[in-house]
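*Asks:* Pasting in a structure now, in structure tokens, and then I'll have a few things to ask.
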Amino acid sequence: MKGLRTRWFNCLHLVLAVACAELPADEEVTRGVVVVETAVPQEGTPVVLQDLFLRATEEVVTEVVEVTPEAVPGTPAPPELESKELIVCQAAEPDSLFLYSSYMLDKENLHHAIYENLVTQLNYGYQAQGIEKLPSLADGDAVLQTVTVQAGDTVLSADGEVVTLVEGVDVLNAAGERVIFDGTPLQMGQLVVDFTLKPMVWSDGMPVSAADSVFSFEVNRALASPTVDTYRTERTASYEATGDLSLRWTGLPGWLDRTYFLNVWTPLPEHQLGEVDVNLLPELPEAARRPLSSGPFVVTEWLPGDMIQLSANPYYYKAAEGLPKLNYLTFQYYPDVDGIIGPLLSGPCHMIAQSALDPGQLPFLTEANAAGLLQTHIQSGVIFEHLTFGVDSSGDYGDGNGRPDWFQDVRVRQALALCTDRQSLMEQTMYGQSEVWNSYASPDHWLRPADTAVWPYDVAAANALLDEVGYLDSDGDGIREDPATGKPFAIELMTTLGGELRQAMTAVIAENWFDCGIAVDRVDLPADQFFADDGPLFGRQFDVALFAWLSSTEPPCQNWMSTEIGNLNATGWSNEAFDAACQQAQRAFWGSPEYVAAHQAAWRIFAEELPSLPLFPRIKLAVARPEVLNFAPDTTQNSELWNLFEIDLVGQ
């Protein structure tokens, strides 16, 4: 299970590489020098903003990679439009544009330009874009069938692992019952899902086909690289083209994937790349530097260390709708986030991606927004800060060794929630632009039950609860004592070293908890020690830990299941009703009545029991100049450039 956590946490680190400066990414991105014009403040710019203008005169030597789409003879190209160029400034240059390589947010921005989104993930839901519709069991384009399996077949075990069926393996039969395979053929559930691609065209004029999606699947499955996610390919029994644009995905028996409608692969051009050794593709210029495009734009020029320029794909399938609205799109790199506002206010940037912004710039951006110089887009994200309690520690830690078992009693956890001024903490660190969470997902999530327990800041109520438990200040020194041992209620609040945000947060929390008679010793550890498999967090040798966790479109109840103790569940908390609800949510199909009821039941239990205390999510911040239209960042769509095809500019 540690391997699963390592893979999951590596993914989290990659997501946090931008949003959590104090949590180191697994990969170091080399950032080059960028040449820009000398910035001159516009007339009327507020004084507080004028010192942010960037002046850079360093010279760089670049290599130019030019790409000209080759049209199929006889294929008409759309007429030239009014010239419009959008310049997006972001923190880093992608290492590659290959579809299956290491994850990087600044790379994903470009992927939205090159590859049509098949499915979007907006507002805690899923929407079809490059496919005709999301398949569904209700509509019949997804079917749950019963198949007979026997020894030697590849199936999914009851524990979610891909296995060869042999005697002694636990599986879920077609009735959903856990059974031990004894060599007798048995029946299991299997999903079959049909997809239909929209009639897209590659930037060389060749039609995008279902065979291109199958080729992409085969590339994904075959690549021998630790940076490539093969979770879905490993659980696929078959993926085949059933027509020019139609596809059929069949899952392994036993994998009743609750988001089965996502099992469609972004096409890659088989006619261009099909004869190349798959393991050479990540470095092949035609795949990594100048890929053919099925999306709104195609790469035309790459100046390493400086910029990537794209032009409108002349064969974009939505061209008849006047899309994309831009003729040219340029990505420039500004690793110096402190100096990036200048190029936005006076040029050349029209937009700054979230990777190049920091919440500390919000006061400046807010004033610029009020002055009409900028449009600032702020959303609560899905990376949320939280306090995890050492409810049931490993070994004898917390059982009289190191400290009393402070957090076994739910009333103590509830008291600390009441004693934490989370709203003030959010306002101080996120400038009031985030929101307090009372569970592991946003209060704006469509799954949130209306009767969720809420713990407002109430010191009197917190002290009353602690009195009720029996933790009293018997010697009058301001700190409560454990009634059984007489030890002061003094805990270690542990977090990662090196981040200003975390230092500010622990200072405020320590002050809050002192008001409830709890002494706090703040402990900062390097991230590699903090998150190590045998470290204090996942080794469950801590009192209270402050770190970021990842929510998503689906609330992550599994992080607190008792089966994850020793893995993702660092608290050691165990609750049978919660386990049953979360397990049901994990097995139910997304959006079904069973899915909703199970998630809401787990949500209620967590919010009442508080094995961890959610604080607030980090904000997603992106900024554009006023002339940028249709810029629509979203909370759950990771990249804010998901709709590049409809972003427009006025005044050019």
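The values are calculated or read from the model by the stated rules, or taken from the named source; none is laboratory data. Values in this document were obtained by computation on a predicted structure and should not be read as measured data. Using ideal geometry, Cβ is built from the backbone for each residue, glycine included, and neighbour counts are taken over all protein chains shown.
*Asks:* I'd like the full set of residues that are more than 24 Å from residue 258 (Cα to Cα) and among the hydroxyl-bearing types (Ser, Thr, Tyr), limited to region 593-618.
*Replies:* 612
*Asks:* If we keep just the residues of region 502-519 that are crowded, with 20+ Cβ neighbours inside 10 Å and hydrophobic (A, V, I, L, M, F, W, C), which is nearest to the chain's Cα centre (by Cα)?
*Replies:* Of everything passing the filter in region 502-519, 505 is nearest to the chain's Cα centre (by Cα).
*Asks:* Separate question: Output the residues belonging to region 130-143 that are surrounded by fewer than 17 Cβ atoms within 10 Å (Cβ to Cβ) and either touching a residue at least 40 places away in the same chain (Cβ under 8 Å) or assigned by TED's automatic domain parsing to the domain that holds residue 633 (or both).
*Replies:* Listed by number, the residues that qualify are 132, 133, 136, 137, 143.
*Asks:* Also, quick follow-up: Taking only region 484-509 into account, find how many residues are of a type outside the set (S, T, N, Q), in contact with a Lys or Arg (Cβ under 6 Å, 6 or more places away or on another chain) and assigned to a helix (DSSP H, G or I).
*Replies:* Result for region 484-509: 0.
*Asks:* In region 555-601, which residue that is among the aliphatic types (A, V, I, L, M) and in contact with a Ser or Thr (Cβ under 9 Å, 6 or more places away or on another chain) is farthest from residue 410 (Cα to Cα)?
*Replies:* My answer is 565.
*Asks:* In addition: Restricted to region 275-285, and to residues that are surrounded by fewer than 15 Cβ atoms within 10 Å (Cβ to Cβ) and either assigned by TED's automatic domain parsing to the domain that holds residue 96 or closer than 13 Å to residue 98 by Cβ (or both), which residue is farthest from the chain's Cα centre (by Cα)?
*Replies:* Once the filter is applied, the top-ranked residue is 276.
*Asks:* Kindly provide the set of residues from region 169-216 that are in contact with a Pro (Cβ under 6 Å, 6 or more places away or on another chain), closer than 13 Å to residue 155 by Cα and of a type in the set (S, T, N, Q), ordered by number.
*Replies:* Answer for region 169-216, where residues must be in contact with a Pro (Cβ under 6 Å, 6 or more places away or on another chain), closer than 13 Å to residue 155 by Cα and of a type in the set (S, T, N, Q): just 190.
*Asks:* Sticking with this structure for a sec: Any chance region 270-286 includes a residue that's among the charged types (D, E, K, R), part of a loop (DSSP other than H, G, I, E, B) and free of Cβ contacts under 8 Å to residues at least 24 places away in the same chain?
*Replies:* So far as region 270-286 goes, yes, one or more of its residues are among the charged types (D, E, K, R), part of a loop (DSSP other than H, G, I, E, B) and free of Cβ contacts under 8 Å to residues at least 24 places away in the same chain.
*Asks:* Which of the residues that make up region 241-257 are surrounded by 20 or more Cβ atoms within 10 Å (Cβ to Cβ) and of a type in the set (Gly, Ala, Ser)?
*Replies:* Scanning region 241-257 gives 251, 254.
*Asks:* Taking region 219-239 on its own, how many of its residues are touching a residue at least 60 places away in the same chain (Cβ under 8 Å), part of a helix (DSSP H, G or I) and crowded, with 17+ Cβ neighbours inside 10 Å?
*Replies:* Matching residues across region 219-239 total 2.
*Asks:* Continuing with this model, one more query. Being touching a helix residue (DSSP H, G or I) at 6+ places or on another chain (Cβ under 7 Å), in a helix (DSSP H, G or I), of a type outside the set (Val, Ile, Thr) and over 16 Å from residue 553 (Cα atoms) is the filter here, so list the residues in region 580-635 that pass it.
*Replies:* Selection gives 581, 584, 594, 601, 606, 609.
*Asks:* Let me ask you something else. Tell me whether region 90-101 contains one or more residues that are surrounded by fewer than 21 Cβ atoms within 10 Å (Cβ to Cβ), under 19 Å from the mean Cα position of the chain (by Cα), at pLDDT below 95 and among the small types (Gly, Ala, Ser).
*Replies:* Yes, region 90-101 has at least one match.
*Asks:* Hey, does region 317-332 have a residue that's surrounded by 18 or more Cβ atoms within 10 Å (Cβ to Cβ) and either more than 25 Å from residue 119 (Cα to Cα) or assigned by TED's automatic domain parsing to the domain that holds residue 143 (or both)?
*Replies:* Within region 317-332, one or more residues are surrounded by 18 or more Cβ atoms within 10 Å (Cβ to Cβ) and either more than 25 Å from residue 119 (Cα to Cα) or assigned by TED's automatic domain parsing to the domain that holds residue 143 (or both).
*Asks:* Okay, next question. Find all pairs meeting these conditions: Cβ atoms under 7 angstrom apart; at least six residues apart or on different chains; first residue within region 499-517 and under 21 Å from residue 464 (Cα atoms); second residue of a type in the set (D, E, K, R).
*Replies:* Short answer, once both residue conditions are applied: 510/522; 512/421; 517/473; 517/480.
*Asks:* Name the single residue that is surrounded by the fewest Cβ atoms within 10 Å (Cβ to Cβ) among those in region 481-497 being in contact with a helix residue (DSSP H, G or I) (Cβ under 8 Å, 6 or more places away or on another chain) and within 29 Å of residue 384 (Cβ to Cβ).
*Replies:* The extreme case among them is 497.
*Asks:* Between residues in region 81-108 that are without any contact (Cβ under 8 Å) to a residue 40 or more places away in the chain and residues that are surrounded by 23 or more Cβ atoms within 10 Å (Cβ to Cβ) and part of a loop (DSSP other than H, G, I, E, B), which pairs lie under 7 Å by C-beta distance while being six or more apart or on different chains?
*Replies:* Pairs found: 107/94.
*Asks:* Return yes when residue 292 is touching a Pro at 6+ places or on another chain (Cβ under 8 Å) and on the phi < 0 side of the Ramachandran plot and no when it is not.
*Replies:* Here the answer is yes, as residue 292 does meet what is asked.
*Asks:* Pick out the one residue from 199, 185, 207 that is farther than 25 Å from residue 135 by Cα and out of contact with any Gly (no Cβ under 9 Å at 6 or more places or on another chain).
*Replies:* 185
*Asks:* If I filter region 283-295 for residues that are hydrophobic (A, V, I, L, M, F, W, C), at pLDDT below 95 and closer than 19 Å to residue 108 by Cβ, do I get at least one hit?
*Replies:* No, region 283-295 contains no residue that is hydrophobic (A, V, I, L, M, F, W, C), at pLDDT below 95 and closer than 19 Å to residue 108 by Cβ.
*Asks:* Among the aromatic types (Phe, Trp, Tyr), within 24 Å of the chain's Cα centre (by Cα), part of a strand (DSSP E or B) and within 21 Å of residue 385 (Cβ to Cβ), is that true of residue 547?
*Replies:* yes
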